[in-house]
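J.: Dumping the structure here so I can ask a few things about it.
The values are calculated or read from the model by the stated rules, or taken from the named source; none is laboratory data. These figures come from a predicted structure and were not determined experimentally. Cβ: placed from backbone, ideal geometry, glycine included. Neighbour counts: every protein chain shown.
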Amino acid sequence: MFEFHLEATAGSARAGTLRLPHGMVETPAFMPVGTHGTVRGLHPAEVEQAGAQIILGNTYHLHLRPGEDVVRALGGLHRFTTWSKPMLTDSGGFQVFSLEGLRRIEEEGVEFVSHIDGSTRTITPESAMEMQWALGADVAMAFDHVVPGQADPRLAREGMEQTLRWLERCRERHQALSEGEPDRQTLWPIVQGGTHQELRAASLAGTLERGPWSGIAIGGLSVGEPKPVMHRVLEDLEPGLPRGTPRYLMGVGFPEDLVEGIARGVDLFDCVAATRNGRHGSAWTMGGRVNIRKATHRTAEGALDPDCDCSTCVRFPLGYLRHLFMAHEMLGLRLVSIHNVRFLIRIAEQARRAILDGTFDPWRRDWLQRYHPKGTA
C-alpha cells in the first residue's frame with residue numbers, strides 16, 4: 001500500500017501511478033477540493049464523471065462542522081460523502097495563514113476563534129493527526145506553519161523551523177494511531193521556507209531526515225508571490241526531491257500553473273478556484289478565460305469550449321449558460337463548475353499522455369501558445 005511507480009519522464013516532468021487504499025491515481029493529477037466534504041455544488045457522480053481520481057477534505061472546517069466524531073460515527077469520510085475513491089485531508093495548517101485575524105500561534109499549536117460560533121479551539125500537531133485519523137482519508141497532511149509569500153527571511157525561517165518541529169510530533173502521533181492498521185492511512189510532510197532558497201533546502205533536508213515518506217508536499221506557494229518566483233522555488237527543489245516519491249504542490253491549480261508545475265516535476269495539485277470561479281461565471285477555455293455574463297454571448301449557439309468533452313460543453317450552448325446566470329438559476333453555477341473541474345483534469349490527462357509518448361515539450365509549448373486571455377471574470 002502507498003506505493004508510487006514512476007512510469008516515464010520528460011525532463012523534470014513525470015508520469016506515474018500512486019496506489020492508495022481506495023484505489024489507484026494516475027499522475028500527474030488535479031485533485032478537486034471538497035472543503036466541507038463536498039466539491040462545492042457538485043454531485044459526487046458529476047465529479048467522478050469529470051475524471052477526478054482523488055479529492056480533498058478540509059480538516060479545520062470538518063472539525064468545526066459537523067465534527068470529526070460525527071464523521072467517524074457515520075463510517076468515516078468516504079461513507080459520509082459517498083465518495084469511494086481516494087481522498088486526502090489537509091491538516092488545518094493553511095488556516096494559520098488564511099485566518100490571520102482569528103488565531104494565535106504558540107509552540108504547542110494554534111488557537112483559533114471559530115468563524116462559525118466564536119468559540120475558541122486549539123489545533124496541535126497531535127490533534128491534527130487525531131482529527132484526520134477519525135476522518136479516515138487515505139492521505140493525512142502534517143500540521144504546518146504557512147507564511148505569506150513575501151515573508152522576510154526571519155519570518156520564513158520561524159515558520160519553516162516550527163513546521164519541522166511539528167512534523168516530528170505529527171509523525172510520532174500518527175505512528176501511534178496507525179499501530180495495528182498501517183495500511184489504513186499514510187502521512188505526508190510539507191516543505192516550507194517561503195521564497196528563500198536556503199530555507200527551502202533546509203526544510204527539505206530536515207523533512208527527509210525525519211522520513212522515509214510515501215509522499216512529500218510543497219506548501220506556502222501561490223500565497224502572494226509572483227509566478228516566476230514560484231517557478232524558481234520549484235526548480236530549486238526538484239533535484240533534491242526523492243525520485244520515487246510523489247510530489248504534491250498544495251493549493252495551486254490555475255490552468256497555466258498546472259502546465260508549468262508539471263514541467264517542474266510536480267505530480268499532484270489542488271485548488272478551490274475551479275468551482276469558485278465557476279460560481280462567479282468565469283470559465284477556463286483553450287482560448288483563455290471567458291466571462292459567461294458577457295452580452296456578446298447572448299445568442300452564442302456553440303459550446304463554451306469546443307475542445308472540451310465535459311457534460312456541460314457536450315450538451316449546452318454558451319448562450320444558454322449566459323441565460324442561466326442572468327436569470328440567477330443555480331444550474332448555471334453548477335454547469336460552469338463542472339466544466340472548470342474537467343478543464344483542469346484534462347490538462348493533467350493530456351500532460352500524462354504527452355510524457356508517456358515523448359511529446360511533452362512540444363505539447364507544453366503549444367498549450368501555452370493557445371491559452372491566452374479572451375475575457376475577464
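J.: Do we have any residue at all in the range 9-32 that's within 15 Å of the chain's Cα centre (by Cα), assigned to a loop (DSSP other than H, G, I, E, B) and under 21 Å from residue 273 (Cβ atoms)?
T.: Yes, some residue in the range 9-32 is within 15 Å of the chain's Cα centre (by Cα), assigned to a loop (DSSP other than H, G, I, E, B) and under 21 Å from residue 273 (Cβ atoms).
J.: Let me ask you something else. Consider residue 318 carefully, then state whether it is touching a residue at least 24 places away in the same chain (Cβ under 8 Å) and farther than 22 Å from residue 52 by Cβ. Steps first, answer last, please.
T.: Details: touching a residue at least 24 places away in the same chain (Cβ under 8 Å): yes; farther than 22 Å from residue 52 by Cβ: yes.
So residue 318 fits the description; yes.
J.: Another question about this same structure. I'm trying to understand the selection: among the residues of the range 44-70, which are touching a residue at least 12 places away in the same chain (Cβ under 8 Å) and of a type in the set (Gly, Ala, Ser)? If you could, list the steps in order and put the result at the bottom.
T.: Of all residues in the range 44-70, those touching a residue at least 12 places away in the same chain (Cβ under 8 Å) come to 44, 46-65, 68-69.
The answer is 50, 51, 52, 57.
J.: Restricting the range 335-355 to residues that are within 17 Å of the chain's Cα centre (by Cα) and of a type in the set (Gly, Ala, Ser), which is surrounded by the fewest Cβ atoms within 10 Å (Cβ to Cβ)? Walk me through how you get there before you give the answer.
T.: Going residue by residue through the range 335-355, those that are within 17 Å of the chain's Cα centre (by Cα) are 337-338, 340-349.
Still in the running and of a type in the set (Gly, Ala, Ser): 337, 348.
On the way: 337: 26, 348: 24.
The extreme case among them is 348.
J.: Something else: Cβ-Cβ under 7 Å, sequence separation 6+ or interchain: first residue in the range 288-306 and farther than 22 Å from residue 256 by Cα, partner part of a loop (DSSP other than H, G, I, E, B) and at pLDDT below 95. Which pairs?
T.: Close Cβ pairs (under 7 Å, with a partner that is part of a loop (DSSP other than H, G, I, E, B) and at pLDDT below 95) amount to 294/375.
J.: Going through 37, 118, 41 one at a time, which residue ends up being within 27 Å of residue 182 (Cα to Cα) and either in contact (Cβ under 8 Å) with a residue 24 or more places away in the chain or surrounded by fewer than 21 Cβ atoms within 10 Å (Cβ to Cβ) (or both)? I'd like the intermediate steps shown before the answer.
T.: Numbers: 118 fails: within 27 Å of residue 182 (Cα to Cα); 41 fails: within 27 Å of residue 182 (Cα to Cα).
Among 37, 118, 41, only 37 is within 27 Å of residue 182 (Cα to Cα) and either in contact (Cβ under 8 Å) with a residue 24 or more places away in the chain or surrounded by fewer than 21 Cβ atoms within 10 Å (Cβ to Cβ) (or both).
J.: I need the full set of residues from the range 115-145 which are at pLDDT below 90 and either in contact with a Gly (Cβ under 8 Å, 6 or more places away or on another chain) or within 30 Å of residue 175 (Cβ to Cβ) (or both), in order please.
T.: Answer for the range 115-145, where residues must be at pLDDT below 90 and either in contact with a Gly (Cβ under 8 Å, 6 or more places away or on another chain) or within 30 Å of residue 175 (Cβ to Cβ) (or both): 120, 121.
J.: Collect the residues in the range 183-200 that are farther than 14 Å from residue 216 by Cα and not in a loop (DSSP other than H, G, I, E, B), keeping them in residue-number order. Quick ask: steps written out before the conclusion?
T.: Within the range 183-200, the first condition is being farther than 14 Å from residue 216 by Cα, and the residues that meet it are 183-185, 193-199.
If the condition is that a residue be farther than 14 Å from residue 216 by Cα and not in a loop (DSSP other than H, G, I, E, B), then 197, 198, 199 are the ones that fit.
J.: If we only count helices (runs of 4 or more DSSP H) wholly inside the range 34-115, which ones have 2 or more residues that are within 30 Å of residue 161 (Cα to Cα)?
T.: Values: elements: 44-49, 59-64, 68-73, 77-81, 94-98.
Ranges flagged: 59-64, 94-98.
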